[in-house]
Amino acid sequence: MSKTRRDVIVLGLAAALLPSGAQADRERDSDQARRAVERGEALALSDILDRVRSDLGGEVVGMSFERKRDRWIYEFKVIDPAGRLWEVYVDAATAAILKREGH
């Protein structure tokens, strides 16, 4: 099994095991993102990932979508090759990486 396919399966299983509140948050994020894309306020997640994947610094293990300071932001949780967790904030309209926070 390829690493990418394994990662997709693991993420799917993890999402299925999330508490209902977390799943509701994820559904709310996807509804907000869909509406923002329809209004032309944000790029679709697939477009964002096409543009920034190589700059994220690792594997995406989570994502949220929210409004901050009058703009839509994709927040990616990324595990780097050393196993550290990062939050990478990306402007949803321009795909510009705004900030990285390590944990």
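FYI, it's all coordinate maths here, none of it is from the lab. What you see is a predicted model; the values in this text were computed from it and never measured. Here Cβ is always computed from backbone atoms with ideal geometry, including for glycine, and neighbour counts include all displayed protein chains.
Details
- Each listed q (0.20, 0.23 Å⁻¹) maps to a log10 I(q)/I(0) for region 33-103, found by the Debye formula over equal Cα scatterers with no solvent: -0.75, -0.96.
- Pair residue 53, residue 101: separation of 7 Å Cα→Cβ label points (nm): 2.7
- The stretch between residue 85 and residue 64 holds 6.1 nm of extra length on full extension. This uses 0.36 nm per residue minus the Cα-Cα distance.
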